[in-house]
Ligand code: 6GU
């Protein structure tokens, strides 16, 4: 196995092609925890490959983040790679491990990446539990970057205007907001949530931003959608509970899947 992360992603893409019998893929979707019903709604499963069978992938550490890649054929005949589970920075494996799936998807021919996540809502328009919110931009407070060496990368339009407009055609009422990412695994303090609101954040979470950066480096067009699973700490008076985050994901994944299926077929 290679040490260079881009070479390693090329090896994983070759293994993925061999395992699925498919040569190239139109789109990849990274799903939040326990989103199997969403994946089911995208289309017919061609094959499923566990992360453990591919170079550079590790089985995710947190319960509910089951790690595998599903190759899907949509009703319109598109081929999608659906990542069920992802590596988070809080697992301590580093930024390259976090974005390995995105680099693998790019090496497998994907040109469009859909990133989903479970997030805390920070404003009235982004605090309805179970609602999807379009990510318009991000603030990376994770302290990490997947871009190493001397590469400068423009991030003026990380989350594609074109793809956001396309989602808006499907659901004109969907809220849009800025996603702030922390390293985790702690949820924020109420003071940090107040800081996020002051900074212009609408959503808060522990994923997505490094993957979006790696995708832009690879030239992919990126769509980001958060599923609001709870208000940020201190906004509701209730403590935050990972089980509750997973439960909201499970309860609303099918609805997210119907939306994502429409998006994929209109790309
Ligand atoms: Cl409130 N914070 C973070 N960092 N991640 C979350 C969340 C909050 N809710 C769901 N995921």
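Derivation of every value follows stated rules applied to the coordinates shown; laboratory data play no part. Predicted, not measured: the structure shown is a model, and the values here were computed from it. Heads up, the Cβs are rebuilt from the backbone with ideal geometry, glycines too, and the neighbour counts pull from every protein chain shown.
Where does each of 133, 167 land when they are ranked from fewest to most other beta-carbon atoms within 10 angstrom?
On the way: 133 24, 167 21.
The most exposed by this proxy come first: 167, 133.
If you fit an axis through the alpha-carbon atoms of helix 5-20 and take the longest principal axis of the Cα set of the chain, what angle between them do you get, 0 to 90°, nearest 10? Once rounded, the angle reads 70 degrees. Out of every Cα-Cα pair that segment 42-144 contains, those further apart than 22 angstrom amount to 41 percent.
In terms of surrounding Cβ atoms within a 10 Å radius of their Cβ, 142, 207, 75 rank from fewest to most as 75, 142, 207.
Here the chain is treated as an ellipsoid with the same Cα gyration tensor; its semi-axes, largest first and in whole Å, are 27, 21, 18.
Here segment 1-23 and segment 27-49 have alpha carbon centers that stand 20 Å from each other.
The Cα-based radius of gyration of segment 182-267, divided by its Kirkwood radius, gives an Rg/Rh of 1.01. Counting only alpha carbon atoms, the long axis of helix 161-170 and the longest principal axis of the chain meet at about 80°.
Once every DSSP H run of n ≥ 4 in the chain is given -39500 (n - 2.57) and the sum is divided by its residues, what mean residue ellipticity at 222 nm do you get, rounded to the nearest 500 deg cm²/dmol?
Here the helix-only value at 222 nm equals -10500 deg cm²/dmol.
Hydrodynamic estimate: the Kirkwood radius of segment 7-60 over Cα pairs, inserted into Stokes-Einstein at 20 °C and 1.002 mPa s, corresponds to D of 171 µm²/s. Hull volume per residue, based on the alpha-carbon atoms of segment 131-232 and their convex hull, is 103 Å³. For the pair segment 227-256 and segment 96-129, the centres of their Cα atoms are 17 angstrom apart.
Highest mean packing comes first when the peptides 219-230, 149-160, 194-205 are listed by Cβ atoms within 10 Å, giving 219-230, 194-205, 149-160.
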